[in-house]
Amino acid sequence: MKRLLTVIGTRPNIIKITQFRRVVKNYPALDLKFVHTGQHYNQNMSDVFFSELDLQSPEYILSLDKTTVVSQLAQIMEGLEKVVTEYKPDVMIVVGDVNSTLAAALVANKMNIHLVHVESGLRSFDKTMPEEHNRVITDSITNTFFVTEESGKQNLIKEGKDSKNIHMVGNTMIDTLVAYDKKINEAEILKTLGLKSGSYALMTMHRPGNVDSKEGLLKLIEVIRELTTDQTVVFPIHPRTVNRLKEFNLLQEVEKNKNLKLMEPAGYLDFQKLILECQFVITDSGGIQEETTFRQIPCLTLRPNTERPCTVDIGSNLLLNFNKAKVMEEVAKIKKGNYKKCAIPPLWDGKSTERIFETLSKF
Ligand code: UDP
């Protein structure tokens, strides 16, 4: 029996592993356990995904009481050390680019456990993004790389990784979309919000580079004002963004806008239904660039770069700076039906988790 420990800690992590337990059942020689680091711990950002996606609870759950990034990393590492000592995994699987990914990678390295990185090789080449450091450091000590798009493979090869350890498997986030498609279609959120299909735009915004400064928030407010002059914008707001708006005394500016439907972070099924039925998405999220590409829904990403270039080259994503004129120019194209043509990247077919476990079973 080979023991695999998968580490998750945040909303996007959970959404990327939903098919792991189903698929591992096909491999009796693999034993899979999960540890939740507690990085995202509340109802909206974690629990809701386990309940509505019918996911079994993780076998190990750490609790974090430290608030700075450094103390959080240290506490996750200490917690994981205990889990590793008890379960004795042969393989540690980490996902994405969050602090839990980095902490777990370091623990695997220090405790001589084979490290597998799912969604490896993505690079924004933007060292102001905390996630970019997490990606680069994690990949520097990873043994087996699972990549979602061709750029990931090329980046790893350029960094000197051996191509025999790099596996192009597609995107496990898309596996989740495919697996829950029926439930997504049945979600009632449009009725709840009183919205008609195709009548609204969907917004998310939470990257530190966009929301941590007053200047960034003022630009965001301007873009929202412009977008809402003639249409509804639905904005499930990330806890980080609410906190920053409060800190700079700007929350009321956003709340008073009648065409803006401000809401708590949405559950997965509701959020996916909102993507499916909207006119376009405006975001700075990583994962949402991929989900909109799969759905072929126009996505305006308010960032200077992306670590997911296939969503721009092949998919429905477009990078824009926080420039309201530029944003409105693209919105006008979308409304006229003149937006760019797009397609779905290779292997984004709902079977990526199967490819991952097939590879792991052959170790
Ligand atoms: N998401 C969600 N509810 C929301 C906003 C996002 O379920 O209100 C989902 C989204 O569809 C995607 C994931 O959360 O699957 C992306 O998370 P986030 O944008 O926080 O992280 P990133 O991908 O930027 O790391």
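The values are calculated or read from the model by the stated rules, or taken from the named source; none is laboratory data. Remember, predicted model here, so these are calculated numbers, not experimental data. Neighbour counts are summed over all protein chains in view; Cβ atoms, including those assigned to glycine, are modelled from backbone coordinates with ideal geometry. Ligands, DNA and RNA are excluded from the accessible area calculation, which covers all protein heavy atoms including side chains. Shrake-Rupley method; radii C 1.70, N 1.55, O 1.52, S 1.80 Å.
Only one of the listed residues (I297, I288) is modelled with pLDDT of 95 or more and either more than 11 Å from the ligand (Cβ to nearest atom) or in contact with a Leu (Cβ under 6 Å, 6 or more places away or on another chain) (or both). That residue is I297.
Cβ-Cβ distances below 6 Å connect the following pairs, each with a first residue in the stretch 352-363 that is at pLDDT 95 or above, a second residue that is of a type in the set (S, T, N, Q) and not in a helix (DSSP H, G or I), and a separation of six or more residues or different chains: S352/N171; T353/Q19.
Restricting attention to the stretch 53-62, the residues that are open to solvent by less than 40 Å² (accessible area, probe 1.4 Å) and of a type outside the set (A, V, I, L, M) add up to 2. Under the condition of being surrounded by fewer than 17 Cβ atoms within 10 Å (Cβ to Cβ) and at pLDDT 95 or above, the residues counted in the stretch 321-336 number 6. Screening the stretch 1-100 for helices (runs of 4 or more DSSP H) wholly inside it with 3 or more residues that are touching a Gly at 6+ places or on another chain (Cβ under 7 Å) returns the ranges 11-16. For D284, the stated conditions do not hold, so it cannot be described as without any contact (Cβ under 8 Å) to a residue 24 or more places away in the chain and either touching a helix residue (DSSP H, G or I) at 6+ places or on another chain (Cβ under 9 Å) or open to solvent by less than 10 Å² (accessible area, probe 1.4 Å) (or both). Annotation: D230 fulfils all but one of (1) at pLDDT 95 or above; (2) among the acidic types (D, E); (3) under 23 Å from L276 (Cβ atoms); the unmet one is (1). Could you tell me which residue of the stretch 63-77 is nearest to N109 (Cα to Cα), considering only residues that are loosely packed, with under 12 Cβ neighbours inside 10 Å and without any contact (Cβ under 8 Å) to a residue 24 or more places away in the chain? Restricting to residues being loosely packed, with under 12 Cβ neighbours inside 10 Å and without any contact (Cβ under 8 Å) to a residue 24 or more places away in the chain, the top hit is V70. Determine which member of the set L122, L156, L115 is modelled with pLDDT of 95 or more and out of contact with any Asp or Glu (no Cβ under 8 Å at 6 or more places or on another chain). Among L122, L156, L115, only L115 is modelled with pLDDT of 95 or more and out of contact with any Asp or Glu (no Cβ under 8 Å at 6 or more places or on another chain). Evaluation of T301 against the conditions (1) closer than 21 Å to T232 by Cβ; (2) open to solvent by 30 Å² or more (accessible area, probe 1.4 Å) shows that the sole unmet condition is (2). Of all the listed residues (E264, E215, E222, E247), the sole one being open to solvent by 50 Å² or more (accessible area, probe 1.4 Å), touching a residue at least 40 places away in the same chain (Cβ under 8 Å), away from the ligand (no atom under 15 Å from the Cβ) and charged (D, E, K, R) is E222. Filtered by the rule that a residue be within 17 Å of H167 (Cα to Cα) and part of a helix (DSSP H, G or I), the stretch 132-148 gives R135, T138, D139, S140. Residue pairs whose Cβ atoms lie under 6 Å apart, separated by 6 or more positions or on different chains, with the first residue in the stretch 225-237 and touching a residue at least 24 places away in the same chain (Cβ under 8 Å) and under 12 Å from M203 (Cβ atoms) and the second of a type in the set (D, E, K, R) and within 16 Å of the ligand (Cβ to nearest atom), are V234/K261. For R123, the criteria (1) part of a loop (DSSP other than H, G, I, E, B); (2) open to solvent by 20 Å² or more (accessible area, probe 1.4 Å); (3) touching a residue at least 60 places away in the same chain (Cβ under 8 Å) hold in every case but one, which is (2).
Scanning the stretch 30-52 for residues that are within 11 Å of the ligand (Cβ to nearest atom) and aliphatic (A, V, I, L, M) gives M45, V48. So, R308, is that one in a helix (DSSP H, G or I), within 21 Å of the chain's Cα centre (by Cα) and of a type outside the set (S, T, Y) or not? No, not satisfied.
For the stretch 178-197, the candidate set comprises residues that are assigned to a loop (DSSP other than H, G, I, E, B) and within 24 Å of the chain's Cα centre (by Cα); within that set, the residue that is surrounded by the fewest Cβ atoms within 10 Å (Cβ to Cβ) is E188.
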